[in-house]
1. I need the shape label for region A:77-212. Rule: rounded when a/c is under 1.5, else prolate if a/b > b/c, else oblate, with a, b, c from the alpha carbon gyration tensor.
2. Return the single residue from B:169, B:199, B:16 with maximal mean-square fluctuation; model: Gaussian network over chain B, springs between Cα atoms under 10 Å.
3. Nearest 5 is fine: what % of DSSP beta bridges in region A:66-246 come out antiparallel, could you say?
4. Could you tell me which GluC sites (Glu not before Pro) in region A:89-196 are loop residues by DSSP with no more than 13 other beta carbons within 10 angstrom of their beta carbon?
5. Among the lysines, select those whose C-alpha is under 30 Å from the C-alpha of residue A:208, and discard any that sit fewer than 8 residues away in the same chain.
6. Can you list the lysines whose alpha carbon is less than 16 Å from that of residue B:52, not counting same-chain residues fewer than 8 positions off?
7. Rounded to the nearest 10 degrees, what's the angle between the helix A:311-347 long axis and the longest principal axis of chain A, both from Cα atoms, 0 to 90?
8. What relative contact order, as a whole-number percentage, does chain B give when Cα pairs under 8 Å and 6 or more residues apart are counted?
Amino acid sequence: MFFILFKLAWRNLLRNKRRTIIASIAIGIGLAALIFVDALMIGMTQNMIKTATASFLGDAQIHRKGYQDEQELSLTIQELDKVTAKLAKEAIVHYFTRRTFSLGMITSPANVSAVNLIGVQPSTERYLSQIDDAITKGVYFKDNDSRDIIIGTKLAENLEIGIEDRVVVTVAQSGSGELSQEGFRVSGIFHFVDEAMNSGMAFVRIKKAQQMFAIGDNVHEIAIKFTSTAYTQERELPFWKTYSQYGNEVLSWAEILPQLKIILDMSKYSKYIMGVVLFGVVIFGIINTLFMSLYERMFEFGVLRAVGTRPVGMARIILFEAGTLAIVSIAIGSIIGFGITALFAHLGLNYTGIEMMGVTIQEYIFPVLNIQQFILYPAAVFLFTIIAGLYPAWHVAKMTPVDAMRRSF
Amino acid sequence: MEQTQNHEVIVTDKVTKIFDPDGIPVNALNGIDLTITSGEFTAIVGPSGSGKTTFLNIISGLDTPTEGKVWLSGKIISEMNGNELSDFRRDNIGFIFQAYNLIPVLTVEENVEYIMLLAGVSKAERHERVKKMLKAVGLEGVEDRLPTQLSGGQQQRVAIARAMVSEPTIILADEPTANLDSKTGNDLLEMMRRLNDETGMTFIFSTHDPMVMDRARRLITLRDGQVDTDETK
């Protein structure tokens with residue numbers, strides 16, 4: 001019986017090839033759009049997380065508790081040696097680097113500007129941030145020159161300075177609050193897509209920064225890069241407890257930038273909403289197609305009922321047609337979806353410079369194909385198609401043979 | 001009347017059908033009492049609007065009477081539910097329609113075997129019975145053709161084979177010769193008479209065709225929803 005129902009369904013769909021092809025393409029385009037949007041969302045999320053974490057943030061950071069809120073100079077990481085010794089042995093930690101921060105003033109012969117002065121370890125910082133890659137003029141840090149400073153393009157423009165020009169940086173020291181001034185020579189100028197970084201950040205060697213801030217060998221932050229970014233989501237790992245002791249806390253990028261996490265989570269819902277809208281269109285398309293086909297064959301259905309097909313059998317015929325239409329549509333949609341997504345996964349989509357969800361996109365977005373897109377969404381299309389077929393199926397099932405045949409005998 | 005006798009395949013008791021499509025009641029049947037016994041070759045005739053169609057719909061279980069009862073092979077079909085009626089029609093009634101009404105997407109063999117599929121007959125038996133039935137109606141060698149690849153006469157033969165293959169008690173035929181030329185119609189009627197003689201199945205026709213009336217052994221004339229004449233030849 002199954003085989004004859006499938007044959008009936010398939011051959012009935014072929015009776016009006018044009019209508020079937022149009023309906024299948026319409027459903028298929030809906031599926032292809034879902035596959036593409038899902039792939040794009042994955043690519044965009046990865047891109048934004050990478051942009052947020054790889055530019056400077058890192059996958060996770062260790063601070064003294066309270067530092068994130070107060071940015072107080074004296075709130076340095078406790079038991080620094082123990083912490084770094086442990087981190088060096090941590091299997092999931094790929095790289096880590098120490099940093100110090102203070103707000104200050106940077107002065108050139110032409111101008112003055114507020115700046116976030118950051119002390120970094122050049123050798124390890126290059127694995128955590130992209131400052132070295134973002135250098136557009138000069139060099140990252142010269143060999144051992146403690147007077148090197150690296151500034152952004154916008155700050156250089158504001159101060160009207162270039163490579164090898166001198167600047168003076170003034171900061172308040174920890175504890176006493178006394179002012180500390182040091183002269184630096186610009187060794188490199190960087191450019192990020194994020195203008196806030198270009199205009200407000202200046203990098204010096206950590207030793208010099210520690211001297212200026214009067215914090216000894218202490219640091220405010222340890223930025224960490226994991227061997228896999230997936231570890232940022234695995235909160236059950238002992239790592240998170242281990243480094244949240246001695247009065248310190250370890251935070252993942254999602255906790256440091258909660259607004260990004262929230263918006264990325266919300267983007268999933270927007271994907272679901274789009275899915276519901278697309279499936280809504282698909283459902284009405286299927287119902288329309290099935291009803292058109294049904295009314296054309298009303299007498300035939302009457303004959304099938306007359307010769308002894310039960311109401312549920314009649315419903316099954318329609319559901320088989322809906323299912324067959326779904327299979328054809330899924331094949332079309334999967335091919336279109338794969339083709340378009342694979343093409344853009346290769347070429348990428350240029351969203352660079354556009355600020356989305358508080359993060360400025362710095363690289364092309366490459367949609368990411370995965371097997372779930374070709375299991376989950378086709379299964380959903382099949383399910384929705386069957387659900388859409390229920391109404392015409394019910395309509396046929398409740399029809400009496402006389403109603404269907406109209407003229408009957 | 002309590003129950004039909006064994007040889008009575010159809011008994012109707014004061015069957016009335018009132019249609020009320022636009023709030024204006026129309027009496028299609030007015031208390032028809034009829035008994036049809038097994039093996040009959042009966043034609044129901046009458047002018048348009050006389051109630052032939054409605055009567056056949058009701059005795060086949062395709063429609064229900066407003067009043068009265070219908071016994072078919074001893075069972076009151078007017079009280080059966082949808083599934084019971086479907087099964088009853090499948091097992092007891094064969095239909096032949098004026099416009100053949102084969103399923104156009106199924107081959108000749110698939111059209112004929114469809115009812116047996118519904119009844120759960122095994123593949124081997126289905127194949128055997130289809131072959132035998134197509135031979136009986138003179139259609140060997142066309143099993144794999146679609147209905148559209150056959151002439152009108154051949155399609156009607158397939159319809160007869162479909163109606164008879166499940167060995168029902170009654171064959172109901174609606175103007176079976178209306179769309180056929182006189183020679184083909186005559187041949188088909190001869191064939192149905194022969195099958196009636198050989199199998200003992202009951203044939204009931206609704207017709208205007210004098211050829212059918214000539215060959216019928218019993219002629220029931222309806223007029224205004226009532227039996228006008230009932231003559232056995």
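1. oblate
2. Among B:169, B:199, B:16, the largest mean-square fluctuation in the Gaussian network model of chain B belongs to B:199.
3. Numbers: 31 of 41 bridges.
Bridges in region A:66-246 are about 75 percent antiparallel.
4. The qualifying sites are A:160, A:164, A:178.
5. A:50, A:65, A:82, A:86, A:89, A:137, A:142, A:154, A:225
6. B:14, B:17
7. Roughly 30 degrees between the two axes.
8. Normalised by residue count, the contact order of chain B is 28 percent.
Quick note: the coordinates plus some simple rules give every number you see, no bench work behind them. What you see is a predicted model, and the numbers here were worked out from it, not measured in a lab. As a convention, Cβ positions derive from the backbone with ideal geometry for all residues, glycine included, and neighbour counts pool all protein chains shown.
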